[in-house]
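Structure first, commentary second.
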Amino acid sequence: MYRMLARWLLFAALAAPLCAQGSSAQDSEVTKYLEELRARRQPPRDVKAMQRQALAATTRTIEETSDPRRKAEAYAFISQIEQNLEEPDAALAAARQAHELAPEETRFTMNLARMLAAGGQNQEAAALLGVDPADGAALLRRAQELASRPGDIEMAQVYAQLALKVLPDDPALADTVGNIYIRTAKPDQAIVQLNRAIANAPAVAAYHYDLAVAFFQKDYVEYAEGELQAALACHPTDDERQRIQDLLAHLRLPPVKQ
């Protein structure tokens, strides 16, 4: 907005002294000014062309080196470029190469697992990370562990969804999935899972609190307050009681005037 205002001020400064000189002089100066503005504009960069050049250069690096670690790094970079170019199959193939060349490198393993999960290959992703897709308890523990780390929330969701297939009625699992949805700003999905958790374990204060948070994300203040009151009736721990009361106090604050 400030840039546009500056342009109009400059235009006014040019145009004002021309008013007395007649319309032909004014039109000439205005045309000259607009041509100068156009000349200053740089043509847009062809980002995809630049990415393809980087792809070719990185491919040459792979051909010229015999160091497996350098090759792995190059394949990981190629995978990223292919994702940017919207070539998921090529990106996945490059990620596999990076993992195979340096299987001890956690970030290559996690990157491949994330890509497999994104493509719906959840069982392969879980097996890659050393968890039996049929072991619901192990999947749940892994989901809870990953959910506590901000950078691994996507993988936590993968494990949780796999665990749901094995333990569809486990309230702790439903609560874990609900929390993952809360953290990824998907309150509708969170509400479904947290209602499932409460249906199977109605006397757990934490589940009511989490559902209140999901309602709060939806701006359903009355529902959120109702769940917090239910949580207080479930004999929460001292820490849980403090969190419940803090959120209640926040809900009862007067709305901020716009």
### Message
Counting other beta carbons within 10 Å of each residue's own, what order do Asp175, Asp152, Asp67 fall into, fewest first?
### Response
Asp67, Asp152, Asp175
### Message
Over the stretch 42-91, what is the relative contact order in percent, taking alpha-carbon pairs closer than 8 angstrom and at least six residues apart?
### Response
31
## Note on the structure
Unit-weight point scatterers at every alpha-carbon of the stretch 197-243, Debye formula, q = 0.23, 0.30 1/Å: log10 I(q)/I(0) is -0.73, -1.08
#### Entry: Environment charge of Leu85, counting only residues whose C-beta is closer than 13 Å and scoring Lys/Arg +1, Asp/Glu -1
-3
### Task
State whether the stretch 67-121 is rounded, prolate or oblate according to the following rule on the C-alpha gyration tensor (a ≥ b ≥ c being the square roots of its eigenvalues): a/c under 1.5 gives rounded; otherwise a/b larger than b/c gives prolate, and the remaining case gives oblate.
oblate
## Note on the structure
Applying the gyration tensor rule to the Cα atoms of the stretch 169-251 (axes a ≥ b ≥ c; rounded if a/c under 1.5, else prolate if a/b exceeds b/c, else oblate), the class is oblate
### Query
If one puts a single equal scatterer on every Cα of the stretch 107-190 and applies the Debye formula without solvent, what log₁₀ I(q)/I(0) results at q = 0.24 Å⁻¹?
-1.19
### Task
Kindly write out, for the stretch 84-99 in residue order, the coupling ³J(HN,Hα) from the Karplus curve 6.51 cos²θ - 1.76 cosθ + 1.60 (θ = phi - 60°), rounded to whole Hz, with x marking Gly and Pro.
5, 7, 6, 10, x, 5, 5, 5, 5, 4, 5, 5, 4, 4, 4, 5
### Query
Rounded if a/c is under 1.5, else prolate if a/b beats b/c, else oblate: with a ≥ b ≥ c from the C-alpha gyration tensor eigenvalues square-rooted, which is the stretch 71-216?
prolate
### Task
Could you tally the net charge around Arg196, taking each other residue with its Cβ under 13 Å from the Cβ of Arg196, Lys/Arg +1 and Asp/Glu -1?
-4
### Query
Rounded to the nearest 20 Debye, what is the dipole magnitude of the stretch 169-251 about its Cα centre when Lys and Arg each give +1 and Asp and Glu each give -1 at the C-beta?
160
### Query
What FRET efficiency comes out for the pair Ala90/Lys218, r = Cβ-Cβ distance, R0 = 35 Å, nearest 0.05?
0.30
### Task
Quickly work out the Thr106-to-Asp67 label distance, labels modelled 7 Å from Cα along the C-beta direction, and quote it in nm with one decimal.
2.3
### Query
Do you know the relative contact order of the stretch 191-257, to the nearest whole percent, from alpha carbon pairs under 8 angstrom that are 6+ apart?
29
#### Entry: Table column - 3J(HN,Hα) (Hz), the stretch 76-82, Karplus curve with 6.51, -1.76, 1.60, x for Gly and Pro
4, 5, 4, 4, 5, 4, 4
### J(HN,Hα) series, the stretch 131-140, from Karplus relation 6.51 cos²θ - 1.76 cosθ + 1.60, nearest Hz, glycine and proline x
10, 6, x, 8, 9, x, 5, 5, 4, 5
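No value in this document is a laboratory result; all are computed from the given coordinates. Everything numeric here is computed off the predicted structure, so don't read it as measured data. Cβ atoms come from the backbone with ideal geometry, glycine included; neighbour counts cover every protein chain shown.
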